[in-house]
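K.L.:
Before I ask anything, here is the structure I am working with.
All of the numbers you see were taken from the coordinates with simple rules; none came from a lab. In this text the structure is predicted, and so the values were computed from the model without any measurement. Cβ placement follows ideal geometry from the backbone for every residue including glycine, while neighbour counts extend to all protein chains displayed.
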Amino acid sequence: MASHEQEEILDSPTGWVAKHVRRYVDTDGRSGHRWNGRETLLLTTRGRKSGKLRRTALLYGRDGDRYLLVASNGGARNHPSWYLNLAAQPEVQVQVGADKFAARARTAGEEEKPHLWRLMVAIWPYYDRYQKRTSRDIPVVIVERA
């Protein structure tokens, strides 16, 4: 996803998430980077159906230089839209605090997922609860700077 400075970015349709994103953007991450004691980033994907840019705030973890995300959707039956979007188009935009960069996202493979899952559950223990709530395998996403 090349730089789309002029292209409109649509924020999450979920009210409280949209407010979080707006605060994050307006303060260059000074307000919003930390949420409930955890760190969050902004992820912008290309809508797989609409073709529009879509932005949401997500908890993240780190594994070396890589950022880790969990497509939990609170344990819902379906994957979150942001995950379906990046599965279709892995070039994404990321903002961590004031740092904005292009990145490539991929789903962690079977071999690497258990270790990464444990890292993310240490940050947000609810992920284990969400996995018990759904029959789908909740993906861990690895995001690397382009």
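K.L.:
For the chain, what is the mean residue ellipticity at 222 nm derived from helices alone (per DSSP H run of n ≥ 4: -39500 (n - 2.57); sum divided by total residues; nearest 500 deg cm²/dmol)? Walk me through the numbers before you get to the answer.
P.N.:
Working: 4 runs with 39 residues, N = 146.
Estimated from H runs of four or more residues: -8000 deg cm²/dmol.
K.L.:
Quick check: convex hull over the Cα atoms of segment 9-145, volume per residue in Å³, rounded to an integer?
P.N.:
Working: hull volume 14.6 nm³, N = 137.
Expressed per residue, the convex hull around the Cα atoms of segment 9-145 is 107 Å³.
K.L.:
Please compute the contact order of segment 66-146 in relative form: average sequence separation of alpha-carbon pairs under 8 Å and at least six residues apart, divided by the residue count, as a percent.
P.N.:
49 percent
K.L.:
Here is a further query. Can you figure out the FRET efficiency of Ser31 with Arg106, using R₀ = 25 Å and their beta-carbon distance, to the nearest 0.05? If you can, show how the numbers build up before the last one.
P.N.:
On the way: r = 30 Å, r/R0 = 1.21.
E(calc), rounded to 0.05, equals 0.25.
K.L.:
If you don't mind, there's one more thing I want to ask. In percent, how large is the relative contact order of the chain, given Cα pairs closer than 8 Å and 6 or more residues apart? It would help to have the intermediate numbers written out before the result.
P.N.:
Values: 262 pairs, mean separation 37.0, N = 146.
Worked out over the chain, it gives 25 percent.
K.L.:
Can I ask one more? Would you work out the relative contact order for segment 19-87, in percent, from Cα pairs under 8 angstrom that are 6 or more residues apart?
P.N.:
Rounded, it is 23 percent for segment 19-87.
K.L.:
I would also like to ask the following. What are the ³J(HN,Hα) values, in whole Hz, obtained from phi via the Karplus relation 6.51 cos²θ - 1.76 cosθ + 1.60 with θ = phi - 60°, for each residue of segment 100-115 in sequence order, with x given for Gly and Pro?
P.N.:
For segment 100-115, the Karplus curve yields 10, 7, 7, 8, 10, 10, 8, 7, 4, x, 4, 5, 8, 4, x, 5 Hz.
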